[in-house]
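Working notes for the structure below.
The values are calculated or read from the model by the stated rules, or taken from the named source; none is laboratory data. Predicted model, so just to flag it, every value in this text is computed and none were measured. Every residue, glycine among them, receives a Cβ derived from its backbone with ideal geometry; neighbour counts consider all protein chains shown. Keep in mind that these areas ignore ligands, DNA and RNA; they rest on the heavy atoms of the full protein, side chains included. Shrake-Rupley method; radii C 1.70, N 1.55, O 1.52, S 1.80 Å.
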Amino acid sequence: MAESAFLTAEISHRIGSFHLEAHFHLSAPWTVLFGPSGAGKSTVLRVLAGLVAPSEGRILMGNRVLLDTRSGLTVAPGHRGIGFLTQQPALFPHMSVRRNIAFGLHQLAREEREQRLKEMLALFRIGPLAERMPSELSGGEYQRAALARSLAPRPELLLLDEPFSGLDAELKASILDDLSAWLRKSHTPLLYVSHDLVEAYQTNAEVIVLENGRIETQGPVHEVLAPKREQLLQQIGAR
Amino acid sequence: MDTQALWLTLKLATVTTVLLLCIAVPLSWWLAFGQARWKIAIEAIATLPLILPPTVLGFYLLVLMGPRTSFGRLYIHLTGHPLAFSFSGLVIGSMIYSLPFAVQPVTTGFSGIGKELLDAGRLLGASWLRILFQVLLPLSKRSLFSAAVLCFAHTIGEFGVVLMIGGDIPGATRTLSIAIYDQVQDFRYADANRTAFVLLAITLAALIAAYSLRKQARSG
């Protein structure tokens, strides 16, 4: 375990014939969980968020034990301090953008809640859309509102499971810029799932490579993904 | 027109509908989102009253409520009278008889909402109760209303179960459908005609309400 790790996870989980065995730590502000489809990336995130109970495992964030199957300890999803944006984020369709973002802020006093709301609406540039219903939003606006809702409770860690894969490159870059600015400002680390080599390279992040349910390697992107990059360049004839 | 039977029928249908919805909501939640292997068995049991002859169901309930079973004896010991041939017995019988009409629409409504919204609620720190009242129920209003209407209409028209476990006690267990049977037995066809028309009007109005909601849901 790295000394500066703010999260360590030992996860063992079986789904039919698929066996996930993932032991890793998070210490960088931005970590990419990289691997092909079906490698178990989404399951890792769902276990971290508390939506899936693994067969065995232990998750420690800071000094807090979030999960320890041996002692039967498990912290409920909304109480882990982890924000999670899934592959297909689902806003509550019967609530306006404002009510969606405020949903996770019910424990705050009214003034603080309003303040947080304003902050999130401004951060993701969706202030004019506050009273709109989710069905009235475009794809990009929908993702911005979903991000704002995930970040509004100020999680200690944000998990993103390829939520922008359906957006065009320009829109995706614009949302990621806003998100990066906030993450830097709030010192919120991010674990980002991707199966796109180019995208992973662009992030300049720490990378964890997951293949067939096993962590193959972990380290800086330029070290860990260099062989895959060379392979890709050869395939497209650039080398 | 037997107004006593009319009020008793409306009271029975209202109490049955309210209690059934209270049971159907948690049961449907479990059926829609639960992962237990024996879920199919529970689903089949909950659907059984739909195809079981009412007299068969009524017979088993009559035996269960009588002094021959420990449940029946316990009830008599606690209340001093048997559950069979009482209004409470009728309510229990009606609830079992109409169970599929409550569970099926609500389960369908919950299943259509999708697990992602439940996960979103949990990730934002909401309790199960908050998710139920602020997410699930508002999003399945139409299914709940449809279930309520169907339960009400079905209870209004039941005959076999009511006759088996309730008999024909005026003011206690005689419902409109039993009253029609009595009127025909006594050759009072004009009375039977009026009573039958009231039953027809109530059930038809309930079904029109349910179908118009379904149409709204499809187009909206």
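Give the residue that is farthest from the other protein chains (Cβ to nearest Cβ), with candidates limited to residues of the stretch B:145-178 that are of a type in the set (S, T, N, Q) and not in a helix (DSSP H, G or I). Looking at residues that are of a type in the set (S, T, N, Q) and not in a helix (DSSP H, G or I), I get B:T173. When residues in the stretch B:135-158 are screened for being out of contact with any Phe, Trp or Tyr (no Cβ under 7 Å at 6 or more places or on another chain) and touching a residue at least 40 places away in the same chain (Cβ under 8 Å), 12 of them pass.
One residue alone among A:H13, A:H23, A:H19 is more than 14 Å from chain B (Cβ to nearest Cβ), crowded, with 16+ Cβ neighbours inside 10 Å and part of a strand (DSSP E or B), and that residue is A:H13. Checked against the criteria, A:A90 does not count as in a loop (DSSP other than H, G, I, E, B), more than 14 Å from chain B (Cβ to nearest Cβ) and under 23 Å from A:Y192 (Cα atoms). Could you go through the stretch A:107-122 and let me know if any residue there is within 13 Å of chain B (Cβ to nearest Cβ), surrounded by fewer than 18 Cβ atoms within 10 Å (Cβ to Cβ) and not basic (K, R). Yes, there is a match, as at least one residue in the stretch A:107-122 is within 13 Å of chain B (Cβ to nearest Cβ), surrounded by fewer than 18 Cβ atoms within 10 Å (Cβ to Cβ) and not basic (K, R).
Selection within the stretch B:1-38: residues that are of a type in the set (F, W, Y) and surrounded by 14 or more Cβ atoms within 10 Å (Cβ to Cβ). The member of this set that is farthest from B:L99 (Cα to Cα) is B:F33. Selection over the stretch B:135-144 of residues that are surrounded by fewer than 18 Cβ atoms within 10 Å (Cβ to Cβ) and either away from chain A (no Cβ under 11 Å) or in a loop (DSSP other than H, G, I, E, B) (or both) gives a count of 1. Apart from one condition, A:I82 fits all of (1) over 26 Å from A:F6 (Cα atoms); (2) surrounded by 15 or more Cβ atoms within 10 Å (Cβ to Cβ); the exception is (1). Among the residues of the stretch A:25-43, those that are touching a residue at least 60 places away in the same chain (Cβ under 8 Å) and either touching a His at 6+ places or on another chain (Cβ under 8 Å) or over 26 Å from A:A181 (Cα atoms) (or both) comprise A:P29, A:F34, A:G35, A:P36, A:S37, A:A39, A:G40, A:K41. Taken together, A:A53, A:A49, A:A76 contain a single residue that is surrounded by 12 or more Cβ atoms within 10 Å (Cβ to Cβ), farther than 22 Å from A:P189 by Cα and among the aliphatic types (A, V, I, L, M), which is A:A53. Residues that are buried (at least 20 other Cβ atoms within 10 Å of the Cβ) and either more than 17 Å from the chain's Cα centre (by Cα) or farther than 15 Å from A:H25 by Cα (or both) within the stretch A:202-214 comprise just one, A:G213. When residues in the stretch B:165-188 are screened for being more than 12 Å from B:T9 (Cα to Cα), open to solvent by less than 60 Å² (accessible area, probe 1.4 Å) and modelled with pLDDT under 90, 4 of them pass. Looking across the stretch B:100-134, the residues that are among the β-branched types (V, I, T) and within 11 Å of another protein chain (Cβ to nearest Cβ) come down to B:I113, B:I131. Here is the figure for the stretch A:135-158: residues that are open to solvent by 10 Å² or more (accessible area, probe 1.4 Å) and either part of a helix (DSSP H, G or I) or within 14 Å of chain B (Cβ to nearest Cβ) (or both) total 13.
Residue-level check: of (1) more than 17 Å from the chain's Cα centre (by Cα); (2) surrounded by fewer than 18 Cβ atoms within 10 Å (Cβ to Cβ); (3) of a type in the set (A, V, I, L, M, F, W, C), A:A173 misses just (1).
Among residues of the stretch B:49-63 being without any contact (Cβ under 8 Å) to a residue 24 or more places away in the chain and open to solvent by 80 Å² or more (accessible area, probe 1.4 Å), the one that is farthest from B:Y97 (Cα to Cα) is B:Y60. When the stretch B:189-217 is limited to residues that are modelled with pLDDT of 80 or more and charged (D, E, K, R), the one that is surrounded by the fewest Cβ atoms within 10 Å (Cβ to Cβ) turns out to be B:R194.
Within the stretch B:99-127, the set of residues being closer than 22 Å to A:L159 by Cβ, without any contact (Cβ under 8 Å) to a residue 40 or more places away in the chain and in a helix (DSSP H, G or I) comprises B:E116, B:L117, B:D119, B:A120, B:G121, B:R122, B:L123. Can A:G78 be described as out of contact with any strand residue (DSSP E or B) (no Cβ under 7 Å at 6 or more places or on another chain), within 14 Å of chain B (Cβ to nearest Cβ) and not aliphatic (A, V, I, L, M)? Yes; evaluated as a whole, the condition is true for this residue.
Among the strands (runs of 3 or more DSSP E) confined to the stretch A:176-239, the ones with at least 1 residues that are touching a residue at least 12 places away in the same chain (Cβ under 8 Å) and farther than 24 Å from A:A145 by Cα are located at A:206-211, A:214-220. Inside the stretch A:56-73, residues that are in contact with a strand residue (DSSP E or B) (Cβ under 7 Å, 6 or more places away or on another chain), more than 20 Å from A:I15 (Cα to Cα) and either open to solvent by 20 Å² or more (accessible area, probe 1.4 Å) or at the interface with chain B (Cβ under 10 Å from one of its Cβ atoms) (or both) make up a count of 3.
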